[in-house]
Each structure stands twice: as structure tokens, then as C-alpha cells.
Amino acid sequence: MKIALKEAEKSYAIDDVPVGAIIVFQNKIIARAHNTKQKTKIAVNHAEIIAITKACKKMNSWHLEDCTMYVTMEPCLMCAGALLQSRISRLVYATPNLKFGFVESIGSILNNEKNNHKIEVCSGVCKEASEKMLKEFFKAKRDR
């Protein structure tokens, strides 16, 4: 998660919501990414989507079974859907996303019994560090 937090700092530096993600396979990082939505003006450029795209290229497959994603904030509906579609095995996230989170906060799309794929979820890892960065980012935005 500390590496994902370093990725989030990159988003912060380009004035984007500080979210970072990494994907690990067999104890090796195969993808890392951060939000670039503001910079690229592309709505789907969330850290999770970019990391999944990179991991699929690295693995030469859209199946990311036996991979774990570490992300600094709970994924939104789009990103949670991408996790399901890519068949990621495990999701570890730092802090809830009370406005857009669709893993546990607003909804729990990953736990829908109709899904043919199940993702193990762990939350709260490095929660304080992620929350601190997010609060500082949004406070600076409001102060401008």
C-alpha cells in the first residue's frame, strides 16, 4: 500500500484526486498507476482502470486471476466493475469513498450473489495516510 500511496502523491502533484493503485502477481508489482482524469480530460482515467490496463498488457490476458490490487481509496462503481471484469482475485484498499464507493460504502457490487466471480476484499490498510492526503488535497481546493 505504501507504493500505491506514492502513486497517489503523483496525482496530487498534477492537481488530481490523490488515488494510487498497484497490481501484484506472485509478489511482484506488474502495474502501477495514479489518477490522471484532470490532466488528460478523460473521465475513465482512474488509477484502477489504468493499472488494470497495464496489468492486462503485462500478462497478455484480460484475466488477472491470482492478482491483488492495492488502491488508496475504495473503488467507484466503474472501477469495481472493471475489477470484476478482469477477474482480479483480491482487492486491498485504504479508505472508504463515502460519495462514490461501490465496494462497501454506497453499494457492494463485488458481493452480489449473481456475480460469477468473487473478489476477496480487505479495507483499512494505511487508512490514516490515505485520508490525510485526501483531506489536504480537498482543503487546498476549497481554499483556492
(request) Mind grabbing the accessible area of LEU98 for me, 1.4 Å probe, Å², rounded to tens? (result) 140
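Dividing the alpha-carbon radius of gyration of the range 1-58 by 2.2 N^0.38 Å (N being the number of residues), what value is obtained? Provide the component values of the computation, followed by the final result.
Working: Rg = 10.9 Å, N = 58, 2.2 N^0.38 = 10.3 Å.
That works out to 1.06 for the range 1-58.
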(request) Evaluate the distance, in nm, between pseudo-label points positioned 7 Å from the Cα of GLN26 and of ASN115 along their respective Cα→Cβ axes. (result) 2.6
(request) Can you sort HIS117, HIS63 by 1.4 Å-probe accessible area, starting with the largest? (result) HIS63, HIS117
(request) Step through the table entries LYS2/LYS37; LYS41/LYS114; LYS41/LYS141; LYS6/LYS57; LYS54/LYS139, compare each Cα-Cα distance with 24 Å, and write down the pairs that go over it. (result) LYS41/LYS114; LYS54/LYS139
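Nearest 5 percent is fine: what portion of the DSSP beta bridges confined to the range 20-110 is antiparallel? Present the calculation step by step, with values, prior to reporting the outcome.
Numbers: 12 of 17 bridges.
The antiparallel fraction comes to roughly 70 percent.
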(message) Check which residues have an amide H placed less than 5 Å from ILE30's amide H, if you skip close sequence neighbours.
(response) ILE23, VAL24, PHE25
(message) As an exercise, identify the GluC sites (Glu not before Pro) in the range 90-144 lying in DSSP coil whose Cβ has no more than 10 other Cβ atoms within 10 Å.
(response) GLU113
(request) Sort VAL71, VAL121, VAL44 from largest to smallest accessible area, using a 1.4 Å probe on the heavy atoms of the protein chains. (result) VAL44, VAL121, VAL71
(request) List, largest first, the extents of the alpha carbons of the chain along their principal axes, each in whole Å. (result) 45, 30, 27
(request) Just the number, please: Stokes-Einstein D of the range 32-112 in µm²/s, Kirkwood Rh from C-alpha pairs, 20 °C, 1.002 mPa s. (result) 168
(message) Restricting everything to alpha-carbon atoms, can you work out Rg to Rh for the range 69-144 with a Kirkwood hydrodynamic radius?
(response) 1.04
(message) Heavy atoms only, 1.4 Å probe, whole protein assembly: order LYS118, LYS127, LYS135 by accessible area, highest first.
(response) LYS135, LYS118, LYS127
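The values are calculated or read from the model by the stated rules, or taken from the named source; none is laboratory data. Note that the structure is a prediction, hence the values are computed from the model and not measured. Glycine also receives a Cβ, built like all others from the backbone with ideal geometry; neighbour counts cover every protein chain displayed. To get the accessible areas, we keep the full protein, side chains included, count just its heavy atoms, and leave off ligands, DNA and RNA. Shrake-Rupley method; radii C 1.70, N 1.55, O 1.52, S 1.80 Å.
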